[in-house]
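Report on the structure given below.
The values are calculated or read from the model by the stated rules, or taken from the named source; none is laboratory data. Because the structure is predicted, anything quoted here is derived from the model rather than measured. Note that we place each Cβ from the backbone using ideal geometry, even for glycine, and neighbour counts take in every protein chain shown. Surface areas here come from the heavy atoms of the whole protein model, side chains and all, with no ligands, DNA or RNA. Shrake-Rupley method; radii C 1.70, N 1.55, O 1.52, S 1.80 Å.
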Amino acid sequence: MIRFDIPSEEATLLRETAERFVADRYGLAQRAAMLADETLAQKNWADMAELGWLAAPLPEALGGLGLQPVQITGLLEALGAGLVLEPVSAVMQCAATLARALPEAQAQDTLDPILSGARIDVMAEGARGKPITARSDDGTLKLSGTSPLVMGGNIAATFWVVAERDGAEVLCPVPATAAQVERYRLLDGQPVARVVFDGVTVREADTIADIGAALRFGADMGRVAILAESAGVIDALYRATLDYVKLREQFGRPIGRFQAVQHRMADMFIAREEARSMLQLAAEAQESKDDAFRARLISAARVKISDNARKVQRDAVQLHGGMGVTDELPVGHMVKRLLVLAQLGGNRQQHLERFNAAA
């Protein structure tokens, strides 16, 4: 049963802290400087960890804050609205996966440096239809394959590789220095990596088997985080457009007074509210132990939020005119970020297929 809770005090505090963080450190000029020099973005990581953001969704027994997914969406919305470059969502997905895949004692030792910000670990998987494979070889596993898009892969210390061995999936820890890491940038300027694992060997004793449930939960945690970031950008795009139509004048008065513009703004408002509602639905579903139920609702939310994001992007650009696609205003950066987010964690078509398969 889905419930809709009033945000807790912890959730409100997390969101407000993130909003202040973004306001202080993520102006357009500051963000441009980080894009030009990746080490500047890395300096924020220790502060994010100290604020408890990375530990927020993990159990207290493993050093986390013990918050439910619905309690951290506000934090992630604020980070999305701020167009942050640090891979918070990717690290949360990795930590959530490891917390479920490892025995408690081993999980705590593994997670401590991740949650403290001392080390950045992320997941790495093969492309759709092209899995990374692992072949047993005298006490080791020899990996073969490529992970074409690894969020945070440009600064990761360890890749937790999802590999296929004898028809079953295993999780293999691979130091970044052992793989071939090819760094590049996405449409919105965010640095990521293509990682080639051909010829990399991992001790069989270090691999983790029986990871199906952990992978599904962690992947859905990552998808909820992406949805939260998307909802945050949609909100920021709506607010920026609302401010613009109040100031931009035509025929001697603000364009926001024209009925046609007011109708567009009303449509954007509805799209924003629908996205928020679907995000909360997905975050509540993430708590379910029923994989099929969780998959169905999260995929439904993904499709709806993707559709609404496209509507808000279109109207925001049209109301801003040519300025809406330049780097001079935040709007242009927001549009690019939404285009990127729409492809992460599975695109619209893949989630329609997943929704139908979970029925």
Q: Out of the residues in segment 225-279 that are open to solvent by 60 Å² or more (accessible area, probe 1.4 Å) and aromatic (Phe, Trp, Tyr), state the one that is farthest from Met151 (Cα to Cα).
A: Phe251
Q) Do we have Ala56 as of a type outside the set (Ser, Thr, Tyr), open to solvent by less than 10 Å² (accessible area, probe 1.4 Å) and over 28 Å from Leu329 (Cβ atoms) here? A) yes
Q) Restricting the search to segment 157-179, which residues are at positive phi and either in contact (Cβ under 8 Å) with a residue 60 or more places away in the chain or of a type in the set (Gly, Ala, Ser) (or both)? A) Gly167
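Rundown of residues vs (1) open to solvent by 30 Å² or more (accessible area, probe 1.4 Å); (2) touching a Cys at 6+ places or on another chain (Cβ under 7 Å); (3) under 14 Å from Ala124 (Cα atoms); (4) at pLDDT below 95, yes/no style:
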| site | (1), (2), (3), (4) |
| --- | --- |
| Gly145 | no, no, yes, no |
| Val161 | no, yes, yes, no |
| Ala176 | no, no, yes, no |
| Val181 | yes, no, yes, no |
| Leu187 | yes, no, no, yes |
| Ala205 | yes, no, no, yes |
| Asp210 | yes, no, no, yes |
**Q.** Criterion (in a helix (DSSP H, G or I), of a type in the set (Gly, Ala, Ser), open to solvent by less than 10 Å² (accessible area, probe 1.4 Å) and in contact with an Asp or Glu (Cβ under 9 Å, 6 or more places away or on another chain)) met by exactly one of Ala282, Ala301
**A.** Ala282
Q. Tell me, which residue of segment 190-203 that is among the β-branched types (Val, Ile, Thr) and within 21 Å of the chain's Cα centre (by Cα) is surrounded by the most Cβ atoms within 10 Å (Cβ to Cβ)?
A. Val195
Q. Name the residues in segment 293-331 that are farther than 20 Å from Val261 by Cβ and among the charged types (D, E, K, R), would you?
A. Arg294, Arg296, Arg302, Lys304, Asp307, Asp327, Glu328
Q) What is the number of the single condition among (1) open to solvent by 20 Å² or more (accessible area, probe 1.4 Å); (2) touching a residue at least 12 places away in the same chain (Cβ under 8 Å) that Glu353 does not meet? A) (2)
Q | Qualifying position, being in contact with an Asp or Glu (Cβ under 8 Å, 6 or more places away or on another chain), in a loop (DSSP other than H, G, I, E, B) and within 25 Å of Thr12 (Cα to Cα), among Leu67, Leu54, Leu79 | A | Leu67
